[in-house]
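The values are calculated or read from the model by the stated rules, or taken from the named source; none is laboratory data. Every value quoted in this text rests on a predicted model; they were computed, and no experiment measured them. Positions of Cβ are backbone-derived with ideal geometry, glycine not excepted, and every protein chain shown enters the neighbour counts. Accessible surface is based on the protein model in full, side chains and every heavy atom, while ligands, DNA and RNA are left aside. Shrake-Rupley method; radii C 1.70, N 1.55, O 1.52, S 1.80 Å.
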Amino acid sequence: MVARASRLVCYDDAHARAFEPFALTRPWSEMRVGALLVRERWQHVSGCAAQGFIAGASMRDFVETGAPRASRGVLPAGTLVANSRCAVSLDAALSDAGVYRCGDRVAAVRLSDDIDVNDLADGTLTLEQLAKRLHGRARGVTIHGVWCDHVWDTIGALNPLLAADIPVLARAHHATALAPGAIGEVATGLVTIIGDHPVWLDAGAQVEPQVVFDTSAGPVFLSAGARVQAFSRVSGPCFVGRDTIIAGGRVGGSALGDVCKVHGEVSACVFVGHANKGHDGFVGHSVLGRWVNLGAGTTTSNLKNTYGTVSLWTPSGIVDSGLQFLGTMFGDHVKTGIGLRLTTGCVLGAGANVVDRMPPKAVEPFAWGAEAPYSTYDADKFLETAARVMSRRHVELGATMKRHLSRAHEHRWTLP
């Protein structure tokens with residue numbers, strides 16, 4: 001029997017708070033790792049909605065539909081504090097233990113006493129230390145999952161996570177499975193399914209005629225309201241979020257969050273949500289934050305001509321990712337111009353608006369222009385644009401989130 005936590009709080013430790021270009025504008029618990037956001041993963045296994053998150057003072061005004069607010073005051077005994085860097089397996093079973101370990105690390109601690117949120121405010125207190133303080137030498141229960149030690153682990157772990165996540169989600173949503181290896185009737189016409197893994201449709205998902213699903217390498221899951229338009233080829237493993245549209249082209253091995261529009265060639269990518277790639281152009285092994293919009297023909301490089309491993313800018317310097325395939329990290333609210341080409345292992349900071357010439361491997365947040373060195377996007381104009389973009393998806397940029405983004409603009413990181 002699975003014990004249900006009464007309260008859940010996700011904790012970004014100091015390591016997670018350096019995962020740029022995303023850490024400037026969102027807690028890591030609101031990043032998509034595998035099919036779901038990290039918070040959603042912990043909600044699924046704990047059986048309760050998250051009551052908050054802890055990610056430092058810079059996130060105190062972060063608000064987003066479906067996300068809890070930053071925790072304040074005292075966390076009561078019984079609260080499950082989960083490390084946001086652990087993408088817990090969706091089939092994990094939580095007992096009533098005080099400590100949960102993933103591999104050789106503590107992934108979550110159930111509080112035996114009240115603790116002050118300030119104890120976790122700067123992110124330096126590890127859950128190992130918290131577990132020892134509250135539970136002594138208790139070994140704890142082992143659960144399975146994937147640790148994010150680097151921002152690019154969202155790409156490195158994507159394929160196996162999707163393959164494991166999709167069947168669990170299909171069962172949880174009582175999704176309809178289309179027969180593998182056959183031509184089936186779906187919605188308004190014929191679709192072709194190649195491969196032995198299933199295609200699952202949640203209630204309200206739609207598939208137009210002349211769509212091909214290739215499930216040779218893994219399953220496909222279409223969430224409620226998702227739509228695959230004619231002349232699309234979708235290769236598994238692939239997760240398509242709520243109300244997301246695949247509008248033609250080749251899409252495969254990707255986790256597409258809610259309310260996205262995807263067209264062209266997309267391979268092994270993560271869309272956090274509310275992002276647009278509405279035109280032709282190749283995007284591979286890349287992560288798109290929320291409210292990203294790629295101009296027509298934007299193309300990423302995800303493989304070096306030497307076929308060697310790809311290095312990526314981080315706040316602590318250039319680091320070899322160890323991955324042969326790695327494209328671009330697009331921070332929240334990034335915009336690209338038509339025909340923009342992006343080099344292998346590129347980082348575009350939150351709010352950057354880059355057009356024309358190929359940018360360097362790292363672009364500062366809120367950069368603006370056609371070539372480096374870029375000017376800085378005026379904060380008020382950025383907020384006006386963000387509000388206009390969000391309103392097109394019927395989302396309001398409220399006063400609290402404006403404060404959050406204004407603070408991000410004020411405290412943006414700079415390159416040496």
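Numbers at a glance
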quantity	calculated
The chain, dipole about Cα centre (Lys/Arg Cβ +1, Asp/Glu Cβ -1), debye to the nearest 20	240 debye
Charge dipole of the chain about the Cα centre (unit charges at C-beta), most positive-ward option of Thr79, Ala268, Ala362	Thr79
Relative packing of 19-32, 55-68, which averages over residues the other C-beta atoms within 10 Å, highest first	19-32, 55-68
Overall form of segment 172-300 per C-alpha gyration tensor (a/c, 1.5; a/b vs b/c)	prolate
Unsatisfied cross-links (Cα-Cα over 19 Å) in the set Lys277/Lys335; Lys277/Lys381; Lys361/Lys381; Lys277/Lys402; Lys381/Lys402	Lys277/Lys381; Lys361/Lys381; Lys277/Lys402
Segment 1-158 shape via C-alpha gyration tensor axes, a/c threshold 1.5	rounded
Listed peptides 234-242, 96-104, 300-308, 201-209 by packing density, highest first (mean Cβ within 10 Å)	234-242, 201-209, 96-104, 300-308
Rg over Rh [alpha-carbon atoms, Kirkwood Rh] for segment 277-416	0.97
Three-way shape call for the chain based on the alpha-carbon gyration tensor, with the a/c threshold at 1.5	oblate
Sorted peptide list for 362-375, 343-356, criterion being average Cβ within 10 angstrom, highest first	343-356, 362-375
Computed Kirkwood radius, in angstrom, where 1/r is averaged over Cα pairs of segment 234-358	14.3 Å
D (Stokes-Einstein, µm²/s), Kirkwood Cα radius, segment 52-120, 1.567 mPa s at 4 °C	96 µm²/s
Structure-based [θ]222 nm, the chain - -39500 (n - 2.57) summed over DSSP H runs of at least 4, per residue, nearest 500	-4500 deg cm²/dmol
Accessible area per residue, Å², the chain with all protein chains present, probe 1.4 Å	40 Å²
Options Asn293, His279, Gly317, ranked by Cα towards positive dipole end of segment 267-402, top entry (Cβ charges)	His279
Of the DSSP H helices in the chain, those whose Cα atoms cover at least 27 Å axially and whose Kyte score averages -0.5 or more	none
Apportionment of accessible area to carbon and sulfur, segment 176-290, percent (1.4 Å)	53 percent
